[in-house]
Each structure stands twice: as C-alpha cells, then as structure tokens.
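**Q** First the structure, which I've put down as structure tokens, then a few questions once you've had a look.
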Amino acid sequence: MESNINYRYSFKSIFAQSLALAGPCFIQTGIGIAITCSTIIIGALDKGDKSKNGLPPLTDEQASWFGSLLFLFTPLGSALSSLTLGHFGHKTCMIITNVPFIVSQIMFFYANSVGTLYACSMLMGISVGYSGGPSSAYIGEVCEPKLRGALMSATNVFYFVGSLLFTLVYAITLEWRLTVLIGMSIPIVTIAILFMTPQSPMWLLTKGEPLKAQKTLGKLRGWPSHETFSSKEFREMIAYTSTTMVHREDDDTETDEKGATSSWGQLLRPEVYRPFRLLLVYIFFANLLSGIQYGPYLVSVFTEFGAPVNVEFTLAFSVFLSTIGGIMTIFLISKLGKRFLTLSTLLICSICYILIGLIGVYWTNSKPITSWLVLILFLTTTFMSSLGIMPIAWVLLTEIFPMKSRNITCSAGGAMGYLISFFMIKYYLELSNFVNFYNTFTLFGISGLFGTVYFYFYLPETENKTLQEISEFFK
C-alpha cells in the first residue's frame, strides 16, 4: 500500500535538509575521486614514459591488484565503522573517514614503487568503507520520507561529480601526480563542512537527549511551528526509537542467556536478513551492468573499441554522462518509482551489453562503423546505469533496514557491495583472456536478463514509504 505521508513542510525544510547533506555530498565526491584514481594511474602508466611517471607500466597482475585492493579493504573500514558509529555518532565518524583518504593522496604524490600504490589503494579502501555506514544511515534518518529518495539520489550525483572533476583535471594536465594533489582539496573541505553539520535526531534520542533531538529536528525541517514537528514527525520518531530500544533490551536479555552478541544476532531476524539478501543481489547486478569490472581498465577498453577518439576526454565524457544520469534520477525517482527505474535501466543495459558482444565477435568486416557503434552502446549503458540501478542501490541501503540494526547492516551491506566489486575487478582480466574481450559483454548481458526477472518478482516499491512501513514489509 502506498504511503501518503506528507508533513507539509515549506521550502525552508527542503533547503535545511539539503544543507545538512552537504557533508555526505562531499564525502561522495571524495569516493568518486578515490575509485577513479586507479583508472587514471593505470592508464597513465600504460603509456610507458617512466621518466615522466616515475614508475614503469604495470603488468596485468599488478594492475588487477592495484585496481581491486581498494574494494578488498572496504570491509575493514566498514567493520571499524560499525564498531564506532553507535558511540561517536554519524557526524564524528564522517569526519574520521577523511583522514586515511588525505594520507593516501599524499602518499600517491610521492609514490615511487608499486608497493606504495598498493598501500594507497588499501588506505582509500578503508576510507571508503568507513564512510558507508555513517553517511548512509545519516541520510536515511535526517530526511523526511517524501524527500529521502530524491535527496539520496542527489547525494549520489556527487560521486559522479568527483569522478568527472578528477578525469577532467587529468585530461587537461595529463599529469597524474598533479591531478592527485588537486583532488586532495576535497577531503579537506569535507572536514570543514562536517564540523558545521548537525547530528541525527534519531541518534540523539537513542542517547537520551530528547530536547536536543527536538531542536535539531526543528532546524532540519526549516524551523516550522512547534506543533508541526512535535505533534507528528517527532512523536513518531520517539515511538520508533522507543520500540527499537525495547527490542534491544529484549535482545540483550536473550543474549545474556544464550551468550551471543545481540547486535549481530539481529541479522537473523526476517526483517533484517530478507532485505540484506535483496540488497546483495541488487548490488551484484548493479555493479555487473554498470561496468564496475571495466572501471580501472577503461583506457584500454576504449582503445580496444578502436574508435578514433581522444581516450582521456572520452573517459571524462563517460563520467559526464553518468553525472547527467544521476541528476535525472533526482527528478524521476519520485515520479516513476525505484522499481520501474530498476527494471527498465537493467533491461536496457543488458540488451546493450549483449549487442556489444555480438557486434564485436560476429560483425568484424566494417571496423569504422562497428568501432563507433560499440562505443555508443557502451556509453549508453554508462548513462542508463547511472540513471537507475547504480544510485538506487545506495538509496535502498539507507532505507530498507530497521533502525535497531541499521548501523551494522548499512556498514555490512556497503562492505559486501565493495567486496563483490573486488572480485569482479580482480578476476576480470583473467575472464577476458579466457573467453575473449567481447564475449564478456555477452556473458554479463545475459546475466542481467536473469537479474531483471528476479527483481520483477522480488523487488518492492519503497518510494514515499516511511522507514517503519518498509521495515514491516520484510517481516
């Protein structure tokens, strides 16, 4: 049943919530830079100018490790986040996440060995993993239901903005060390913004500070009248957190008897493991059909297509398309819903991948035409995936879990998503060498068709639903 929840806040409310999300937005910008680093550096080193780069070209094995280590170490960051989030709160944890990122950028600038590149990738992975839980849970808790999907989608756009700025700077300078140095300004600005960001009202309630939570909610809703936020949303928030605390007390009683850890024991509850299972399947297909496995190797992918284009600016243009798709998601998600966007974009990406594979293998006698055709189809998947499946995966992460387990599940869900990315990137080159470059597209596209069928039957519509309603659906 569709929810008609609408707290009738003014434009001030939208502005206040958008302002509160400035910190998470800049965190997403940093994540975009972190994940694009390997693409830029691997492509730069492949040019083979050691006197200019200070490093020799990477072998396939070295490139696969450098491109994937970031994703392997995100679970460590997520684990640290889940252990500290309940104590420090969202704001402090979001500040902490920028520290290893800054250190990694400094190390990149002075890197003179492959081992240093590996270490930088690990630090960035810890930073990205640590940021997932605090920022996702924060967005889910401070936004009102009717704005949550749009504002989360707006936040995701900044991931593409970070990638776009980073690739544009490199396309202009053609100096990867200078590009990294310029990119380091983002986490510094992020820390400054987060010091002015309010805490989550729900987190304050769980810490026994109702007056501070009420005052913070008022600011987040644009300072409406006392009756507006105390009689409706704030009262529901108190009831929601009170129910959560009762569940936690029951869990603590059970775990005292069974000797288990209550926080992790919550993962066995249907309202937790069912959405967690759905999220993992969603992230798998979102990553597969958005081309995450091609990410670090995009320079060589565009070269393999053979179209007569400037590879660096084509890379920047692909990120530009992702940015446009992410912006369009903000306006379409409330109109079309997450379910429709997921099914349509996943289907289109799957068909495009299959066409790329078939053209690359069987239509080889018209190279100039096919080179442009496969490039256009690939850029189409880049745009469509950023319009639906990629941003929606992270929107779902913020809203499908009950509050009593959200800190753990947001961190664990983000960690598992990046772990899936690690395996896709690490073993992509081996798969490509085994089945042929173009056959990988066919294989991934057919898999996407199965994913479309799965989501048709199992993906619920969560748009404009309260967190309580979404939680009840999975029970």
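**Q** Assigning unit charges at the beta carbon (Lys, Arg +1; Asp, Glu -1) and nothing else, what dipole magnitude in debye, to the nearest 20, does the chain show about its Cα centre?
**A** Computed charge dipole of the chain: roughly 780 debye.
**Q** Using modelled backbone amide H atoms (1.01 Å from N, in-plane), which distant-in-sequence or interchain residues come within less than 5 Å of residue 54's amide H?
**A** none
**Q** Sticking with this structure for a sec: Tilt of helix 145-173 relative to the longest C-alpha principal axis of the chain, in degrees (0 to 90, nearest 10)?
**A** Its long axis makes an angle of about 30 degrees.
**Q** Over the chain, with the other protein chains present, what is the accessible area per residue in square angstrom, probe 1.4 angstrom?
**A** Per-residue value: 41 Å².
**Q** Rounded to the nearest 10 degrees, what's the angle between the helix 98-109 long axis and the longest principal axis of the chain, both from Cα atoms, 0 to 90?
**A** Helix 98-109 and the main axis of the chain meet at about 20 degrees.
**Q** Suppose every Lys and Arg Cβ carries +1 and every Asp and Glu Cβ carries -1, with no other charges. What dipole size does the stretch 339-475 come out with about its Cα centre, to the nearest 20 debye?
**A** The calculation lands at about 160 debye.
**Q** Here's something else I'd like to know. Round to the nearest 0.05 the FRET efficiency obtained for residue 212 and residue 361 when R0 = 45 Å and r is the Cβ-Cβ distance.
**A** Efficiency, rounded to the nearest 0.05: 0.10.
**Q** When the Cα centres of the stretch 68-131 and the stretch 322-377 are compared, how far apart do they sit, in Å?
**A** 32
**Q** Top to bottom by accessible area (1.4 Å), largest first, where do 394, 176, 372 land?
**A** Ranked from most to least accessible, the order is 372, 394, 176.
**Q** Further, regarding this structure: Once the whole set of protein chains is in place, how much accessible area is left on residue 46, using a 1.4 Å probe, in Å² to the nearest 10?
**A** 80
**Q** Ranked from highest to lowest mean number of other Cβ atoms within 10 Å per residue, what is the order of the peptides 359-369, 285-295, 430-440, 211-221?
**A** Going by the mean number of other Cβ atoms within 10 Å, highest first, we get 285-295, 211-221, 430-440, 359-369.
**Q** On to the next question. Quick one: pull the percent of accessible area on the chain belonging to carbon and sulfur, 1.4 Å probe, ligands and nucleic acids left out.
**A** Solvent-exposed carbon and sulfur of the chain make up 68 percent of the total.
**Q** Next question. Using the structure shown, list the pairs from 47/338; 338/367; 12/465; 207/335; 207/426; 47/91 with a Cα-Cα distance above 31 Å, or answer none.
**A** 47/338; 338/367; 207/335; 207/426; 47/91
**Q** To continue, here is another question. Residue-wise, which Karplus ³J(HN,Hα) couplings in Hz belong to the stretch 341-354, taking 6.51 cos²θ - 1.76 cosθ + 1.60, θ = phi - 60°, and x for glycine or proline?
**A** Once rounded to whole Hz, the list reads 4, 5, 5, 6, 6, 5, 5, 5, 4, 4, 5, 4, 4, 4.
**Q** Right, something else. Residue 11 accessible area, nearest 10 Å², 1.4 Å probe?
**A** 150
**Q** Now, a different point. Heavy atoms of the protein only, probe of 1.4 Å, neighbouring chains included. What is the accessible area of residue 420 in Å², nearest 10?
**A** About 30 Å², ignoring ligands and nucleic acids.
**Q** In whole Hz and in residue order, list the ³J(HN,Hα) couplings for the stretch 82-97 that follow from phi through the Karplus curve 6.51 cos²θ - 1.76 cosθ + 1.60, θ = phi - 60°; x for Gly and Pro.
**A** Here the 3J(HN,Hα) series is 5, 6, 10, 4, x, 7, 8, x, 5, 4, 4, 5, 5, 5, 4, 4 Hz.
**Q** Calculate one ³J(HN,Hα) per residue across the stretch 313-329 by plugging θ = phi - 60° into the Karplus curve 6.51 cos²θ - 1.76 cosθ + 1.60, and present them in order as whole Hz with x for glycine and proline.
**A** So the Karplus estimates, Gly and Pro as x, are 6, 5, 4, 5, 5, 5, 5, 4, 4, 4, 5, 4, x, x, 5, 5, 4 Hz.
**Q** When Rg is the radius of gyration of the Cα atoms in the chain and Rh is its Kirkwood radius, what does Rg/Rh come to?
**A** Ratio of gyration radius to Kirkwood radius for the chain: 0.98.
The values are calculated or read from the model by the stated rules, or taken from the named source; none is laboratory data. Because the structure is a prediction, the values reported are computed rather than measured. Reconstructed Cβ throughout: ideal geometry from the backbone, glycine too, with neighbour counts over all protein chains shown. In case anyone asks, the SASA skips ligands and DNA or RNA and just uses the protein heavy atoms, side chains included. Shrake-Rupley method; radii C 1.70, N 1.55, O 1.52, S 1.80 Å.
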